[in-house]
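Down below is the structure, laid out as structure tokens.
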Amino acid sequence: MRDDTLVVPEFGVVPASSVRRTLAGTERQVIDLVERAYRDHGDRLTANPPSYFLRFPDRPAARIIALPASIRGDAAVDGLKWISSFPANTAAGIPRASGVLVLNDPATGHPYACLEASLISAARTAASAVLAADWLTRGGSRPVRVGYVGCGLIARTIHSYFTATGWSFESVAAYDAVPANAARFAPGVVVHDTAEELMRACDLVVFATVAATPHVSAPEALERHPLVLHVSLRDLAPELIAEAANVVDDVDHCLRAGTSLDLAQQLTGGRAFVDGTLYDVMTGKAEVRRDRPVIFSPFGLGVLDLAVGKFVYETARAQGELGIVPDFFPAKSS
Ligand SMILES: NC(=O)c1ccc[n+]([C@@H]2O[C@H](COP(=O)([O-])OP(=O)(O)OC[C@H]3O[C@@H](n4cnc5c(N)ncnc54)[C@H](O)[C@@H]3O)[C@@H](O)[C@H]2O)c1
């Protein structure tokens with residue numbers, strides 16, 4: 001018998017202009033969505049297999065990453081983020097990262113939306129960084145001297161999420177391999193000449209570079225125990241990681257793909273340097289060692305893109321901003 005409850009969805013497109021409008025002023029909501037996605041992931045309501053890295057022998061600095069994922073429950077959605085990183089773009093004034101997020105209907109499997117993904121990715125990454133900073137400083141004093149190592153889109157978005165959600169800082173510091181990027185990071189920014197110097201001057205340090213291998217190895221850089229949000233994952237020498245308290249978004253994801261944690265695992269022959277996941281911290285399952293610097297390393301889970309992408313899709317649809325592509329799918333054969 002034919003099941004008439006299943007219908008082929010319409011296919012809609014959400015361009016960057018609509019994503020930007022939809023996300024404006026929603027920082028608190030996006031942080032809540034990201035927290036919910038982390039909780040769903042920790043509660044095993046998700047599928048989030050390892051990201052697939054497509055690399056090119058003729059273009060070694062470039063890559064395209066596929067992040068397939070699925071969330072079950074009330075906010076069910078399946079999908080894929082397909083995001084490129086072409087660092088040479090920036091010299092031509094073109095964004096390094098570009099991508100699409102495809103949402104699939106859990107009932108029929110049909111893809112029903114294609115959204116511009118770099119803004120959604122930046123928003124969910126910023127939300128996860130601010131969420132981690134919140135949870136990892138609860139019960140203590142809030143950091144007041146923030147510093148950014150690498151001052152591109154991700155660093156700017158993280159800083160705007162901090163300021164939009166009530167964090168206030170006595171000083172904002174910046175270091176970038178391209179000094180002009182640091183100088184224009186924020187009004188009144190204090191520009192440092194090295195990452196290490198910045199780290200010694202700040203109690204909250206955000207790494208958002210495109211470093212492929214570690215470039216910070218001096219133990220003095222961490223001797224004042226800043227909270228480090230290691231968003232770009234490959235900046236810190238494995239020796240520093242091995243001596244710190246480490247919180248991750250997902251242990252298996254983070255300890256692969258040549259991240260600093262992956263290198264620390266190879267250095268120490270184990271994973272004992274990982275204190276737990278952010279979910280473990282939120283649910284009281286992990287006790288983070290406070291006698292040393294705390295480092296949060298988020299690999300970046302596809303479930304976060306799905307959660308934020310679904311929100312963007314639903315808002316854009318409700319506001320009449322969805323670009324429906326008529327007859328995208330083949331007509332039904334009777
Ligand atoms: N973990 C996650 O979930 C997640 C999500 C999105 C992006 N990222 C990562 O965040 C990083 C930043 O992304 P973006 O879009 O802001 O990139 P971007 O190209 O816009 O900016 C990167 C900035 O870092 C600077 N830089 C590069 N190498 C440096 C170094 N060794 N020291 C200091 N500065 C350096 C560049 O000059 C540039 O200003 C990338 O590595 C990206 O892969 C992580």
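Post the alpha-carbon centroid distance, region 145-200 to region 1-62, in whole angstrom.
28 Å
With springs only between Cα atoms under 10 Å, which of I65, I83, I158 fluctuates most in a Gaussian network model of the chain?
Looking only at I65, I83, I158, the largest GNM fluctuation is found for I65.
Going by average Cβ neighbours within 10 Å, how do the peptides 280-288, 173-181 rank, with the highest at the top? Walk me through the numbers on the way to the answer.
Working: 280-288: 14.8, 173-181: 18.3.
Final packing ranking: 173-181, 280-288.
What does the C-alpha gyration tensor say about the overall shape of region 66-222? Classify as rounded when a/c is under 1.5, otherwise prolate if a/b is larger than b/c, or oblate. Mind showing how you got there, number by number?
Values: a/c = 2.37, a/b = 1.59, b/c = 1.49.
Prolate, since a/c reaches 1.5 and a/b exceeds b/c.
Set the Förster distance to 30 Å, then compute FRET efficiency between T163 and R292 from the Cβ-Cβ distance, nearest 0.05.
Working: r = 28 Å, r/R0 = 0.95.
FRET efficiency, T163 to R292: 0.60.
Per 5 Å bin from zero, what fraction in whole % of the C-alpha pairs of region 281-324 is there, up to the bin with the longest pair?
Per 5 Å bin, starting at zero, the Cα-Cα P(r) for region 281-324 comes out as 5, 16, 13, 15, 13, 10, 9, 8, 6, 4, 1 percent.
Using the Cβ atoms and a cut-off under 13 Å, what net charge is assigned to the surroundings of T165, where Lys and Arg are +1 and Asp and Glu are -1? The partial results should precede the final answer.
Numbers: positive: R28, R142; negative: E27, D32, E35, D134.
Charge balance in the 13 Å sphere: -2.
Count the net charge of all other residues whose Cβ sits under 10 Å from the Cβ of G147, scoring Lys and Arg as +1 and Asp and Glu as -1. Mind showing how you got there, number by number?
Numbers: positive: R145, R200; negative: E197, D203.
Local charge sum for G147: 0.
Dipole magnitude of the chain about its Cα centre, charges +1 at Lys/Arg Cβ and -1 at Asp/Glu Cβ only, in debye to the nearest 20?
Numbers: 31 positive and 37 negative charges, 62 e Å.
That gives the chain a dipole magnitude of about 300 debye.
Below 11 angstrom from the Cβ of A244, what's the summed charge of the other residues (Lys, Arg +1; Asp, Glu -1)? Before the final figure, lay out each step's value.
On the way: positive: R289, R292; negative: E239, E243, D275, D291.
Combined, the nearby Lys, Arg, Asp and Glu give -2.
In degrees from 0 to 90, rounded to the nearest 10, what is the angle of the helix 27-42 Cα long axis to the longest principal axis of the chain?
90 degrees
Mind checking which lysines have their C-alpha under 21 Å from K81, skipping anything on the same chain fewer than 8 residues away?
Correct list for K81: K310.
Relative contact order (percent) for the chain, with alpha-carbon contacts under 8 angstrom and 6 or more residues of separation? The partial results should precede the final answer.
Numbers: 656 pairs, mean separation 67.5, N = 334.
Relative contact order for the chain comes out at 20 percent.
Using only the alpha carbons, work out the radius of gyration and Dmax of region 126-297 in angstrom.
Answer for region 126-297, Rg first and Dmax second: 14.8, 45 Å.
Below 8 Å, C-alpha to C-alpha, sequence gap of six or more: please give me the relative contact order for region 126-297 in percent.
Values: 330 pairs, mean separation 35.4, N = 172.
The value is 21 percent.
Provide the FRET efficiency to the nearest 0.05 for the Q319-R224 pair, computing r from the beta carbons and using R0 = 45 Å.
Details: r = 47 Å, r/R0 = 1.04.
Efficiency, rounded to the nearest 0.05: 0.45.
If you consider only alpha-carbon coordinates, what radius of gyration and Dmax does the chain have, in Å?
Radius of gyration, then largest Cα-Cα span, for the chain: 20.3, 72 Å.
Using only Cα atoms and rounding to the nearest 10 degrees, what angle (0 to 90) does helix 153-164 make with the longest principal axis of the chain?
Computed tilt is about 90 degrees.
All of the numbers you see were taken from the coordinates with simple rules; none came from a lab. The structure presented is a predicted model; accordingly, all values stated were derived computationally and were not measured. Don't worry about glycine lacking a Cβ; one is built from the backbone with ideal geometry, like all the others, and counts go over all protein chains shown.
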